[in-house]
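Single-structure report; data block below.
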Amino acid sequence: MSVFSSLPLAPRDPVLGMTEAFLADPAPAKINLGVGVYQDEDGRVPVLDAVRQAQARLADDPRPYGYLPISGLPAYDEAVKRLIFGASGDLVAQGRVVTVQALGGTGGLRIGAGLLALVDPKAQVLVSDPTWENHQTLFQRAGFAVGTYRYLDAAARRIDVDGMVEDLGRAAAGSIVVLHACCHNPTGYDLAPADWDKVVAVCGQRDLVPFLDLAYQGFSQGIVEDADAVTKFALAGRPFLVASSFSKSFSLYGERVGAISCLTADADQSERVLSQAKVVVRALYSNPPTNGARLVATVLGDRGLRAEWENELTGMRDRVKGMRALLRAGLERAGVPGDLSYITAQTGMFSYSGLSQPQMARLRRDFHVYGLDSGRLCLAALNHGNIEAVVQAIAQVMA
Ligand code: LMR
């Protein structure tokens, strides 16, 4: 008998578990289109030049690795506020934005969930159908009941905006609505600006609590444009939360550098929100790590490095767009029937291919091409060297 005797085996994580399966595959030619990680033309996770220069500056001026404040590196938190709420007028100056450094976007979501559980642990959380699988688990583990709102009309390959607004219109007051600010994960279908207006309006009418997931800022249209949904909610003036991340935009995946930001009613409320966020963080992991936050703060705090970073981010975004076009053209050339324009209509790192779970399993088994069972493919891992193999593999499983 052991304390663990009654513990059942947990299922493999649908995203990171696929990386485990990929790494365990002994095939010499294998392709990982599972996890949302950008790779360059050579199939490597890039170290951005702006980050390299920030690393050099920090190496020239070594600082001790003491504990950071519970809420994170102050210069980092300030830079995040400006990056995310930069187009939202003077809310930051009014002291209405609270930002706390977090362990990636996931950490930001978890701190936000912890905060909201203090407000109303019985509130229902609504996520899009479908959504990033971890949204469900994360909010459930924080004690919430999680339901869905309509999002994807799979047959029409578009967002069911009316269904979404209808579902939100029926949600109980105080429900927490998780929204993908850009680059919807997994579908790649983003709301148009006019659709966002409807969502902002219904959230206000129904007194819902919007919680935006901004993990892919810069991978759809640009740094500012990809925060448009944040700006719309901010200008509406009602409280909401944003979890953000530099994993993708700075290619700093392993540094776990993200944040949670909350728009509050006034500076007094901000002080209380910050104090409670610190209690949540302290009980989870005490205080955050130093290195990633220093790198990001160095780049965002320097005009030259920031411009360089934005150029590099544009380069990553454009490369993924190029791969989208090549994938579509390749599949059309390979005779895959039907309208494939959805591949170039979707945005961000992913394509929701519509392939079934058995087809995804066959892609893995017969062609060593790894995507998620949901049919999600990470196009940010395609390059000129592997795309033809991917085209041939998909064409064969679809034949
Ligand atoms: C993904 O969806 O692939 C990324 O957000 C990585 C993750 O943590 O799941």
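Within the stretch 364-378, no residue that is at positive phi and in a helix (DSSP H, G or I) sits with its Cβ atom under 7 Å from a residue that is basic (Lys, Arg) and open to solvent by 10 Å² or more (accessible area, probe 1.4 Å) at 6+ positions apart or across chains.
The set of residues in the stretch 152-190 that are of a type outside the set (D, E, K, R), closer than 24 Å to residue 122 by Cβ and away from the ligand (no atom under 16 Å from the Cβ) comprises 164, 168, 169, 171, 172, 173, 174, 175, 176, 177.
Of all residues in the stretch 1-24, none that is without any contact (Cβ under 8 Å) to a residue 24 or more places away in the chain has its Cβ atom under 8 Å from the Cβ atom of a residue that is more than 13 Å from the ligand (Cβ to nearest atom) and hydroxyl-bearing (Ser, Thr, Tyr), 6 or more apart or on another chain. Can you name every residue in the stretch 126-150 that is over 20 Å from residue 371 (Cβ atoms), within 16 Å of the ligand (Cβ to nearest atom) and open to solvent by less than 40 Å² (accessible area, probe 1.4 Å)? Matches in the stretch 126-150: 127, 138, 139.
Conditions tested, residue by residue: (1) within 18 Å of residue 227 (Cα to Cα); (2) in contact (Cβ under 8 Å) with a residue 60 or more places away in the chain; (3) not polar (S, T, N, Q).
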site: 73; (1), (2), (3): no, yes, yes
site: 86; (1), (2), (3): yes, yes, yes
site: 96; (1), (2), (3): yes, yes, yes
site: 105; (1), (2), (3): yes, yes, yes
site: 114; (1), (2), (3): no, yes, yes
site: 117; (1), (2), (3): no, no, yes
site: 120; (1), (2), (3): no, no, yes
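For beta carbons closer than 8 Å, sequence separation of 6+ or different chains, a first residue in the stretch 34-62 that is at positive phi and a second that is among the hydroxyl-bearing types (Ser, Thr, Tyr), there are no qualifying pairs.
Selection within the stretch 331-359: residues that are assigned to a helix (DSSP H, G or I) and either hydrophobic (A, V, I, L, M, F, W, C) or buried (at least 21 other Cβ atoms within 10 Å of the Cβ) (or both). The member of this set that is farthest from the ligand (Cβ to nearest atom) is 331. Each residue in the stretch 41-74 was checked for being closer than 30 Å to residue 388 by Cα, away from the ligand (no atom under 16 Å from the Cβ) and exposed (fewer than 15 other Cβ atoms within 10 Å of the Cβ), and 6 of them qualify.
The single residue among 324, 306, 328 that is touching a residue at least 60 places away in the same chain (Cβ under 8 Å) and either of a type in the set (Asp, Glu) or part of a helix (DSSP H, G or I) (or both) turns out to be 306.
For the stretch 88-106, a tally of residues being more than 16 Å from the ligand (Cβ to nearest atom), open to solvent by less than 60 Å² (accessible area, probe 1.4 Å) and at negative phi returns 9.
The C-beta contact set for the stretch 205-220 (first residue aliphatic (A, V, I, L, M), second residue at pLDDT 95 or above and assigned to a strand (DSSP E or B), distance under 6 angstrom, 6+ apart or interchain) comprises 208/177; 209/176; 212/179; 212/242; 214/242; 214/244; 215/245.
What about residue 109, is it under 17 Å from residue 212 (Cβ atoms), within 16 Å of the ligand (Cβ to nearest atom) and not hydroxyl-bearing (Ser, Thr, Tyr)? Here the answer is yes, as residue 109 does meet what is asked. Report yes if some residue within the stretch 177-190 is over 20 Å from the mean Cα position of the chain (by Cα) and either under 30 Å from residue 272 (Cβ atoms) or assigned to a loop (DSSP other than H, G, I, E, B) (or both); otherwise report no. No: the stretch 177-190 contains no residue that is over 20 Å from the mean Cα position of the chain (by Cα) and either under 30 Å from residue 272 (Cβ atoms) or assigned to a loop (DSSP other than H, G, I, E, B) (or both).
A residue that is on the phi < 0 side of the Ramachandran plot and modelled with pLDDT under 95 cannot be found anywhere in the stretch 383-392. Against the conditions (1) touching a helix residue (DSSP H, G or I) at 6+ places or on another chain (Cβ under 8 Å); (2) open to solvent by less than 20 Å² (accessible area, probe 1.4 Å), residue 187 satisfies every one except (1).
Scanning the stretch 249-275 for residues that are touching a helix residue (DSSP H, G or I) at 6+ places or on another chain (Cβ under 9 Å), open to solvent by 10 Å² or more (accessible area, probe 1.4 Å) and over 21 Å from residue 113 (Cβ atoms) returns 251, 252, 253, 254, 255.
The values are calculated or read from the model by the stated rules, or taken from the named source; none is laboratory data. Given the structure is predicted, the values throughout are model-derived calculations rather than measurements. Cβ: placed from backbone, ideal geometry, glycine included. Neighbour counts: every protein chain shown. For the accessible areas, the whole protein counts, side chains as well, though only heavy atoms, and no ligand, DNA or RNA atoms are used. Shrake-Rupley method; radii C 1.70, N 1.55, O 1.52, S 1.80 Å.
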